[in-house]
Amino acid sequence: SANAILRFCLKVMGQPANDMVLGTSMYKSGYRATMFSRSDRGICWMAGEGDDPRIVASAFVDAVAAEQVV
């Protein structure tokens with residue numbers, strides 16, 4: 001949807017799901033979340049920040065660790 005400014009796509013199984021998350025024709029353009037394996041936990045394509053999508057990694061931060069960051 002046009003309301004989704006930032007799009008994050010973890011592993012998906014095929015082109016339709018890939019394009020539903022990242023946007024129309026992203027799979028055809030080479031941005032394929034199908035390339036990630038099941039062991040690539042927290043790794044995804046991020047689209048909407050900058051000109052081109054990029055591969056990013058996330059991490060779990062619990063409440064205690066979040067307090068240390070602030």
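The values are calculated or read from the model by the stated rules, or taken from the named source; none is laboratory data. Treat the numbers as computed from the prediction; the structure is a model and nothing was measured. Cβ placement follows ideal geometry from the backbone for every residue including glycine, while neighbour counts extend to all protein chains displayed.
Points worth noting:
- If you go through the range 17-70 and keep only what is among the hydroxyl-bearing types (Ser, Thr, Tyr) and in contact with a Pro (Cβ under 7 Å, 6 or more places away or on another chain), you end up with just 31.
- Subset of the range 7-37 [modelled with pLDDT under 95 and under 22 Å from residue 60 (Cα atoms)]: none
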